[in-house]
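Note sheet for the following structure.
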Amino acid sequence: MSEVRSKSADKRTQHSRVTKSSDVARQLASLLRAGVSANQAFELVRPDLLTLSPNRREQIELIWSVALETGGPLVPAISRFAEVLGKLDAHQVQLQLTFASPKATSKLIFGLPFIGLGLAQLLGLAPISAMTTSLPGFLALCLGLILMLIASISSRRMLRRASPEFSDPGIFLDCVIIGLQAGLPVSAAVAKAKGQVGQGPDGESSSRLEQALVLSDSTGAELTGILSAAADGLRDELFHDQSNRLAKLAVHLMIPLGLAVLPAFVLLTVVPIAIGLLGK
């Protein structure tokens with residue numbers, strides 16, 4: 001019986017690990033629509049919430065706390081953010097898959113000199129002996145390792161710069177929207193959003209907020225709708241920017257791999273093999 005319980009617990013754990021942040025938000029909205037109290041609904045989704053990444057968990061908790069403190073409508077706020085998280089989750093998966101390709105290619109190419117060296121040694125060509133017993137072979141070894149080190153440092157720097165960021169540039173504007181939906185004046189909604197976000201909005205979010213206010217005043221359009229579009233626009237711009245960086249990464253990685261790894265392959269395999277054959 002204990003083994004059965006253990007297996008069922010393992011299945012629940014595996015299921016929770018693949019829970020998407022958008023699913024948690026939708027579940028929370030569904031519970032609220034069913035008449036479950038806010039506190040009880042949040043406690044019911046807490047196990048799934050704890051399986052999310054810290055970034056996604058903080059986003060949901062931030063929207064939740066802003067809606068509670070401002071008295072804004074919980075169901076529309078959570079439902080709206082469930083759609084946002086669904087889009088962010090899809091972007092995250094796409095970026096991770098795109099990033100995995102140049103990262104795997106880099107590891108494969110870096111392993112080629114050592115794979116070639118190992119195969120040559122297994123075939124009896126004795127490249128290791130040539131590198132350790134002759135001055136040219138030793139110099140080829142040192143130079144090859146230096147080139148590999150240079151290529152490793154430069155490629156890791158490129159990978160780190162192009163690594164996807166899974167932040168949410170539109171979270172501040174969504175917090176302002178919740179405050180406005182609660183009936184707060186614009187200044188109070190902005191102040192509440194700044195207090196909840198912590199560090200306050202970045203320059204782009206502040207600029208989009210000012211543009212939305214001007215557009216709403218001049219046209220009479222609903223401010224919350226303009227801010228929703230602005231928040232989604234910031235998220236789309238970040239995604240496209242990261243996608244472009246990853247697309248360029250595959251090309252940029254060829255520079256250190258071609259200029260350093262390829263000569264290192266020659267120095268670590270071809271040269272020792274030639275020295276060994278000439279010495280026989």
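Would you kindly calculate the mean projected area, averaged across all directions, of the convex hull enclosing the Cα atoms of the range 134-280, in square nanometres?
11.9
How much area per residue is accessible in the chain when the probe is 1.4 Å and only protein heavy atoms are counted (Å²)?
55
What is the percent carbon and sulfur in the accessible area of the range 126-204, measuring with a 1.4 Å probe over the protein chains and ignoring ligands? Numbers along the way, then the final one.
Working: 2570 of 4100 Å².
The value for the range 126-204 is 63 percent carbon and sulfur by accessible area.
Quick one: ranking 105, 269, 219 by accessible area, 1.4 Å probe, largest first, what do you get?
From most accessible down to least: 219, 105, 269.
Which residue fluctuates the most in the chain, going by a Gaussian network model with Cα springs under 10 Å, if the choices are 138, 166, 81?
Per the Cα network of the chain with a 10 Å cutoff, 138 tops the list.
Assign unit charges at the C-beta atoms only (+1 for Lys and Arg, -1 for Asp and Glu), then state the dipole size of the range 41-126 relative to its Cα centre in Debye, rounded to the nearest 20.
400
Rounded, prolate or oblate: pick one for the range 181-230, where a ≥ b ≥ c are the square roots of the eigenvalues of its C-alpha gyration tensor, a/c under 1.5 means rounded, and failing that, prolate if a/b is larger than b/c, else oblate. Each step should come with its number before you reach the end.
Working: a/c = 2.23, a/b = 1.38, b/c = 1.62.
Oblate, since a/c reaches 1.5 and b/c is not below a/b.
Describe numerically, in nm with one decimal, the distance between label points set 7 Å from Cα along Cα→Cβ at residue 222 and at residue 61.
Result for the modelled spin labels: 3.2 nm.
How fast does the chain diffuse by Stokes-Einstein, in µm²/s, taking the Kirkwood radius from C-alpha pairs at 10 °C and 1.306 mPa s?
69
Using alpha carbons only, how many degrees (0 to 90, rounded to 10) separate the axis of helix 38-49 from the longest principal axis of the chain?
Tilt of helix 38-49: around 10 degrees.
Find the centroid of the Cα atoms in the range 212-238 and in the range 62-107, then give the distance between the two in whole Å.
Computed from Cα coordinates, the inter-centre distance equals 19 Å.
Let a ≥ b ≥ c be the square roots of the eigenvalues of the Cα gyration tensor of the range 105-148; is it rounded (a/c under 1.5), or, if not, prolate (a/b larger than b/c) or oblate?
Cα axes put the range 105-148 in the oblate bin.
Pick from 187, 79, 22: which is most flexible by mean-square fluctuation in a GNM of the chain where alpha carbon atoms under 10 Å apart are linked?
Comparing 187, 79, 22 in a Gaussian network model of the chain, the most mobile one is 187.
Considering only the other residues whose Cβ falls under 14 Å of the Cβ of residue 215, what net charge follows from Lys and Arg at +1 and Asp and Glu at -1?
-2
Dipole of the chain (Lys/Arg Cβ +1, Asp/Glu Cβ -1, origin at the Cα centre): which of 207, 179, 253 lies farthest to the positive side?
The residue sitting farthest along the positive end of the dipole is 253.
Which whole-Hz ³J(HN,Hα) couplings does the range 220-225 yield from phi under the Karplus relation 6.51 cos²θ - 1.76 cosθ + 1.60, θ = phi - 60°, glycine and proline marked x?
Residue by residue, the range 220-225 yields x, 5, 5, 5, 5, x Hz.
Can you check what the net charge comes to around residue 234, using other residues whose Cβ is under 9 Å from the Cβ of residue 234 (Lys, Arg +1; Asp, Glu -1)?
-3
If we count every other residue with Cβ under 10 angstrom of residue 22's Cβ, Lys/Arg +1 and Asp/Glu -1, where does the sum land? Before the final figure, lay out the partial values.
Values: positive: 20, 26, 56, 87; negative: 23, 83, 89.
Taking every Cβ under 10 Å from that of residue 22, the sum is +1.
The values are calculated or read from the model by the stated rules, or taken from the named source; none is laboratory data. Treat the numbers as computed from the prediction; the structure is a model and nothing was measured. Heads up, the Cβs are rebuilt from the backbone with ideal geometry, glycines too, and the neighbour counts pull from every protein chain shown. Only protein heavy atoms, including side chains, enter the accessible area calculation; ligands, DNA and RNA are left aside. Shrake-Rupley method; radii C 1.70, N 1.55, O 1.52, S 1.80 Å.
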